[in-house]
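J.: Structure below; questions to follow.
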Amino acid sequence: MISLHEGKGSKVRKPAERVFTLGFTVVRCQPRIWRQLVVRESMWLSRLHDSIQVAFDWFDYQTHAFNLDDLRFGNPLKREELSIEDDRDVMLADLNLEQRERFTYGYHFGEGWQIDIKVEKIGPVEKKAFYPVCTGGERAGPPEDCGGIDAFHDMLACIKEPNTELGREWLEWLGPDYDPEACDLKKINEGLRKLGK
């Protein structure tokens, strides 16, 4: 005889999905440039890369890698001295972040941008909330292809003197809308929403 309950599946409930509140700080940058993102643990690491690009107003022109102890995830690469696994194959849930205080993200290996990523909080998914979401930040991200951290600091000094030759050159290159003090959360979140489409 066939039970009426057959085929209805197990009553074992999956654990509720969590979200991570992550803090991102550009290493060695003064004054400090930072962002805070809340992301689902089911997010692919490649999508976290996309979110960082949006949050810092970068254009994904260059190579990148997430660094977790001796593990590297990013643009796949196999060389004798360096191996980077594909970040499209790894979810945040795979990284055991509840046991990890921080990890790093490297972008544009030639210029050497490093972002320290701190796991600030773990919590439940809120109903009707959109993820990822940027909940805080200060200052504009360093402009793409500005030459690395030292060149960026020089650039900031030069644009404070707009009547000098270097000041004019930098301002012309940056365009009239660049404001190093601006961090537009609304614009960042609009960009993050577009990632989901």
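The values are calculated or read from the model by the stated rules, or taken from the named source; none is laboratory data. From a predicted model like this one, the values you see are computed outputs, not experimental measurements. So basically every Cβ, Gly included, is an ideal-geometry build from the backbone, and we count neighbours across all protein chains shown.
J.: On the basis of being surrounded by fewer than 17 Cβ atoms within 10 Å (Cβ to Cβ) and within 20 Å of PRO124 (Cα to Cα), does MET91 make the cut?
T.: Details: surrounded by fewer than 17 Cβ atoms within 10 Å (Cβ to Cβ): yes; within 20 Å of PRO124 (Cα to Cα): yes.
When the stated conditions are applied, MET91 passes them.
J.: Which residues, taken from segment 101-111, are at pLDDT below 90 and surrounded by 13 or more Cβ atoms within 10 Å (Cβ to Cβ)?
T.: HIS108, PHE109, GLU111, listed by residue number.
J.: Being in contact (Cβ under 8 Å) with a residue 40 or more places away in the chain and in a helix (DSSP H, G or I) is the filter; apply it to segment 167-188 and report the residue that is surrounded by the most Cβ atoms within 10 Å (Cβ to Cβ). Working first, answer last.
T.: Of segment 167-188, the ones in contact (Cβ under 8 Å) with a residue 40 or more places away in the chain are 180-183, 185, 188.
Then keep just the ones that are in a helix (DSSP H, G or I); that gives 185, 188.
Details: LEU185: 15, ILE188: 22.
Only one residue fits best here, namely ILE188.
J.: Answer with yes or no whether GLN53 is surrounded by 15 or more Cβ atoms within 10 Å (Cβ to Cβ) and at pLDDT below 95.
T.: Details: surrounded by 15 or more Cβ atoms within 10 Å (Cβ to Cβ): yes; at pLDDT below 95: no.
Spelling it out, it is not the case that GLN53 is surrounded by 15 or more Cβ atoms within 10 Å (Cβ to Cβ) and at pLDDT below 95.
J.: On to the next question. Looking only at residues that are surrounded by 21 or more Cβ atoms within 10 Å (Cβ to Cβ) and under 30 Å from TYR178 (Cβ atoms) in segment 66-83, which one is farthest from the chain's Cα centre (by Cα)?
T.: Step by step, filter segment 66-83, then rank; the result is GLY74.
J.: Kindly provide the set of residues from segment 91-110 that are farther than 13 Å from LEU71 by Cβ, more than 15 Å from the chain's Cα centre (by Cα) and not in a helix (DSSP H, G or I), ordered by number.
T.: GLU101, PHE109, GLY110
J.: May I pose another question? Please give the number of the condition ILE149 fails out of (1) under 20 Å from ALA182 (Cα atoms); (2) among the aliphatic types (A, V, I, L, M); (3) under 15 Å from the mean Cα position of the chain (by Cα).
T.: (3)
J.: Anything in segment 152-165 that is under 21 Å from ILE33 (Cβ atoms) and without any contact (Cβ under 8 Å) to a residue 24 or more places away in the chain? List them, or say none.
T.: ASP154, MET155, ALA157, CYS158, ILE159, LYS160
J.: Is there a residue in segment 46-65 that is among the small types (Gly, Ala, Ser) and more than 24 Å from GLU17 (Cβ to Cβ)? Before you say what the answer is, go through the steps one by one.
T.: In the first step, residues of segment 46-65 are kept if they are among the small types (Gly, Ala, Ser); the result is 46, 51, 55, 65.
Still in the running and more than 24 Å from GLU17 (Cβ to Cβ): 65.
Yes, the conditions are met somewhere in segment 46-65.
J.: Determine if segment 7-26 includes at least one residue that is modelled with pLDDT of 90 or more, more than 27 Å from ASP184 (Cα to Cα), in contact with a strand residue (DSSP E or B) (Cβ under 8 Å, 6 or more places away or on another chain) and surrounded by fewer than 18 Cβ atoms within 10 Å (Cβ to Cβ).
T.: First pass over segment 7-26, keeping only residues modelled with pLDDT of 90 or more: 17-26.
If we keep only those that are more than 27 Å from ASP184 (Cα to Cα) too, we end up with 17.
Next cut, in contact with a strand residue (DSSP E or B) (Cβ under 8 Å, 6 or more places away or on another chain) only: 17.
Right, trim to surrounded by fewer than 18 Cβ atoms within 10 Å (Cβ to Cβ) and you get 17.
Scanning segment 7-26, I find at least one residue that is modelled with pLDDT of 90 or more, more than 27 Å from ASP184 (Cα to Cα), in contact with a strand residue (DSSP E or B) (Cβ under 8 Å, 6 or more places away or on another chain) and surrounded by fewer than 18 Cβ atoms within 10 Å (Cβ to Cβ), so the answer is yes.
J.: If you check ARG47, ARG18, ARG79, ARG40, which single one turns out to be closer than 20 Å to GLU120 by Cα and out of contact with any Leu (no Cβ under 9 Å at 6 or more places or on another chain)?
T.: On the way: ARG47 fails: out of contact with any Leu (no Cβ under 9 Å at 6 or more places or on another chain); ARG79 fails: closer than 20 Å to GLU120 by Cα; ARG40 fails: out of contact with any Leu (no Cβ under 9 Å at 6 or more places or on another chain).
ARG18 is the lone residue from the list that is closer than 20 Å to GLU120 by Cα and out of contact with any Leu (no Cβ under 9 Å at 6 or more places or on another chain).
J.: Now for a different question. Could you grab me the full set of residues in segment 43-56 that are more than 11 Å from PRO132 (Cα to Cα) and either touching an Asp or Glu at 6+ places or on another chain (Cβ under 8 Å) or among the polar types (S, T, N, Q) (or both)?
T.: Selection gives TRP44, LEU45, SER46, HIS49, GLN53.
J.: While we're here: Name the one entry in GLY141, GLY123, GLY148, GLY137 that is surrounded by fewer than 18 Cβ atoms within 10 Å (Cβ to Cβ) and either closer than 21 Å to GLN53 by Cα or free of Cβ contacts under 8 Å to residues at least 12 places away in the same chain (or both). Lay out the reasoning, then the answer.
T.: Details: GLY141 fails: surrounded by fewer than 18 Cβ atoms within 10 Å (Cβ to Cβ); GLY123 fails: either closer than 21 Å to GLN53 by Cα or free of Cβ contacts under 8 Å to residues at least 12 places away in the same chain (or both); GLY137 fails: surrounded by fewer than 18 Cβ atoms within 10 Å (Cβ to Cβ).
Matching residue, one of GLY141, GLY123, GLY148, GLY137: GLY148.
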